[in-house]
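First up is the structure itself, then whatever we jot down about it.
The values are calculated or read from the model by the stated rules, or taken from the named source; none is laboratory data. Note that this is a predicted model, so its numbers are computed, not measured. Using ideal geometry, Cβ is built from the backbone for each residue, glycine included, and neighbour counts are taken over all protein chains shown. We work out accessible area using only protein heavy atoms, side chains counted, and drop any ligands, DNA or RNA first. Shrake-Rupley method; radii C 1.70, N 1.55, O 1.52, S 1.80 Å.
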Amino acid sequence: MTDVRDVLIVGSGPAGLTAAIYAARANLSPLVIEGLGAGGQLMLTTEVENFPGFPEGILGPDLMARFREQAVRFGTEFITADAEAVDLREAPFRARVGSTEYAGRSLIISTGASARMLGLESERRLLGHGVSTCATCDGFFFRELPIAVVGGGDSALEEAIFLTKFASSVTIIHRRDEFRASKIMQDRALANPKITVRWNSAVEEMVGDAKVERLILRDTITNEKSELDVAGVFVAIGHTPNTSLFEGQLDLDANGYIVTQPDSTKTSVEGVFAAGDVQDHVFRQAITAAGSGCMAAIEAERWLEAVAHAH
Amino acid sequence: MAEVANVTDAEFDSLISQATGPVLVDFWADWCGPCKQIAPVLDDIAAQYADRLTVAKIDIDANPNVARRYSVMSIPTLVVFVDGDIATRVVGARTKERLLDDLAEYLG
């Protein structure tokens, strides 16, 4: 017997949990397949300073624990495992976890995005041996050692600043001659005495037998190569949406994001809604994800009402 | 039902030398989000494969020596020891299915 709910939610970052809070309060008894990466990208961050309502700031994992608690308070249920396959051909939409199938008369997808890697063979070989994508996890291992951060967005600069607590020096390696990051993060990073920036530079190779010893950099303008001795390298070059489950079943854009209708979370399949970073490559904030999660729950509720009236 | 034992730097060597089968050691710390994500997976595996595998975890913050000895530079790192030697090493959180694949050789 498949467990059929009014609202099935896949993913449990700010979008999925906000959708759950709204759906639960509307008595739609949502089931959230929260996944192995429960809580989403905020679980890998430290201080969140721009989430309204927390003037002193709040730790990312603490914020997500509060979101979850609020969803539980109104009766949301959780499955702590990854959805491995979905079937969106017709309602109820199905998601398989191991050998168990769950179904929803409506489905909200909020599977978010994952850190992108550079794609170098040496990067894969040295992952866990000096190469990391999680500064909060691994900064500890680089006390008084020189490290590099690759990237130029808010995440890269936030990681660089965080890592100065441990490292002897942090070199930010960025392909262009200016950062994409917000002004406040740029000011903080550039003012930090432990941080230097290698502009117009790309990582060609990570060198080391048992662990990272140095990087080979290429100047993106002159193509000149240079070396940088580091014990660790943190990759923060952006994200890719977690949409492989939905390929061939939903319209995705060229970069793999779920396409939603303007001013809506409706996808190409009626009754299936998408919220958060899985459909947003522009804003990608906890608060915008939460906002679209709210929209998805309201749209799912309206869709369920419309379907009920049609019968 | 076997549980995941918390070991310290001081207890580590005797755990590894006294084990009769493979030992899976989870190097973790309290501040690490992915470590928390993989913890329930390890609880499951410890219970399900209690007759074949010993599962232990070591908090690298309180016990840095063993982590240093095995050059752990990223957490979670999962290391399987067989007869005291490293048999395999897995870095980063993953689903139970994928971890079981990674460990298949030691669960048979």
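Divide the volume of the convex hull of the Cα atoms of chain B by its number of residues and quote the answer in cubic angstrom per residue.
89
Taking the Cα-to-Cβ direction at B:W31 and at A:S29 and moving 7 Å from each Cα, how far apart do the two end points lie in nm?
So the label points at B:W31 and A:S29 sit 4.3 nm apart.
If you consider only alpha-carbon coordinates, what radius of gyration and Dmax does the range A:16-151 have, in Å?
18.4, 57
Cα-based Rg of the range A:115-201 per 2.2 N^0.38 Å, rounded to two decimals?
Here the Cα radius of gyration is 1.03 times the empirical estimate.
Any idea what Rg and Dmax come out to for the range A:168-311 if you just take the C-alpha atoms, in Å?
21.7, 69
Tell me which DSSP H helices of chain A clear both cut-offs, 18 Å or more of axial length from alpha-carbon atoms and a mean Kyte-Doolittle hydropathy of at least 0.5.
For chain A, where a helix must reach 18 Å along its axis and average at least 0.5, the hits are A:286-310.
Which percent of the accessible heavy-atom area of the protein assembly as shown goes to carbon and sulfur, probe 1.4 angstrom?
It is 48 percent, rounded to a whole number.
Against the empirical 2.2 N^0.38 Å scaling, what ratio does the C-alpha Rg of the range B:50-108 come to?
Normalised Cα radius of gyration, the range B:50-108: 1.16.
Which order do you get for A:W199, A:W303 if you rank them by accessible area with a 1.4 Å probe, largest at the top?
Heavy-atom accessible area, descending, gives A:W199, A:W303.
I'd like the distance between the alpha-carbon centres of the range A:31-64 and the range A:236-271, rounded to an integer number of Å.
What the calculation gives is 22 Å, centre to centre.
Classify the protein assembly as shown as rounded, prolate or oblate from the Cα gyration tensor: take a ≥ b ≥ c as the square roots of its eigenvalues, call it rounded if a/c is under 1.5, otherwise prolate when a/b beats b/c and oblate if not. All intermediate terms of the calculation are to be shown ahead of the outcome.
Numbers: a/c = 1.96, a/b = 1.23, b/c = 1.60.
Oblate, since a/c reaches 1.5 and b/c is not below a/b.
Report Rg (one decimal) and Dmax (nearest whole number) for the range A:228-299, counting Cα atoms only, units Å.
Taking only Cα atoms of the range A:228-299, I get Rg and Dmax of 15.1, 54 Å.
Report the percentage of all Cα-Cα pairs in the range A:173-244 whose separation exceeds 19 Å, rounded to a whole percent.
Looking at the range A:173-244, the distances longer than 19 Å represent 46 percent of pairs.
Along the Cα→Cβ direction, 7 angstrom out, place labels at A:E56 and A:D187. What is the inter-label distance in nm?
2.4
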